[in-house]
Amino acid sequence: MVNWRRFDIEAFLKASKGWDEDIEKLQRDLDCLPELPAVSNDSGIHSGNISDLTAQTVIKKLKILDDIEEIKLNKEMLVYAVRRLSKDEIRLLKGFFYPRKPIGIFVQEYGLDHGLGKNLVYAEREKLLEKMRMLIEGEFYDE
């Protein structure tokens, strides 16, 4: 069966910048969940709706744990792809997706170092993205 949906490597790389913070926030949310919620309703007013706070808490906890595991898998996928890149490809990746300087300056410097004009530097970026996409799809998504 052919899967017509392509892995969005560009969105994946952009999202990767916040994964550590996302895990920290989710862990804080998890730590704030009570083990067993206790509710006292002394008002004498009761609704006809059944509310199982224990089940709701467990569902929240499982959702948070699932979100954390998904981010960890994403990080594993990124590490897998990066380990298969050359030093020049890693430099290109860092320059475009984890920049320490404006991208325009990076493009100019990379181009000078490799004898490439701006358009060819962006073409190299596209080759890199395609390589990473294929690596991740091949390892994590193919049947």
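Quick notes
- The stretch 17-40, subset surrounded by 10 or more Cβ atoms within 10 Å (Cβ to Cβ) and of a type in the set (A, V, I, L, M, F, W, C), residue modelled with the lowest pLDDT: L33
- Where a residue in the stretch 80-92 is over 18 Å from E139 (Cβ atoms) and its partner, wherever it lies, is surrounded by 13 or more Cβ atoms within 10 Å (Cβ to Cβ) and among the charged types (D, E, K, R), with Cβ under 7 Å and at least six apart: L92/E124; L92/R125
- Residue within the stretch 47-65 that is closer than 23 Å to L13 by Cα, without any contact (Cβ under 8 Å) to a residue 60 or more places away in the chain, assigned to a loop (DSSP other than H, G, I, E, B) and more than 15 Å from the chain's Cα centre (by Cα) present: no
- If the condition is being under 24 Å from the mean Cα position of the chain (by Cα) and not in a helix (DSSP H, G or I), then the stretch 84-139 contributes R84, L85, S86, Y98, P99, R100, K101, P102.
- Comparison of G48, G44 shows that the only residue that is modelled with pLDDT under 90 and on the phi > 0 side of the Ramachandran plot is G44.
- The requirement of being surrounded by 16 or more Cβ atoms within 10 Å (Cβ to Cβ), in contact with a helix residue (DSSP H, G or I) (Cβ under 8 Å, 6 or more places away or on another chain) and within 21 Å of G18 (Cα to Cα) is fulfilled nowhere in the stretch 98-110; no residue meets it.
- N3 passes every criterion in (1) under 20 Å from E137 (Cα atoms); (2) of a type outside the set (F, W, Y); (3) modelled with pLDDT of 90 or more apart from (3).
- Residues of the stretch 66-83 satisfying the condition of being of a type outside the set (D, E) and either in a helix (DSSP H, G or I) or over 19 Å from R133 (Cβ atoms) (or both): I68, I71, K72, L73, N74, K75, M77, L78, V79, Y80, A81, V82
The values are calculated or read from the model by the stated rules, or taken from the named source; none is laboratory data. Everything quoted here is computed from the prediction, not taken from an experiment. FYI the Cβ positions are ideal-geometry reconstructions off the backbone, even for glycines, and counts take in every protein chain you see.
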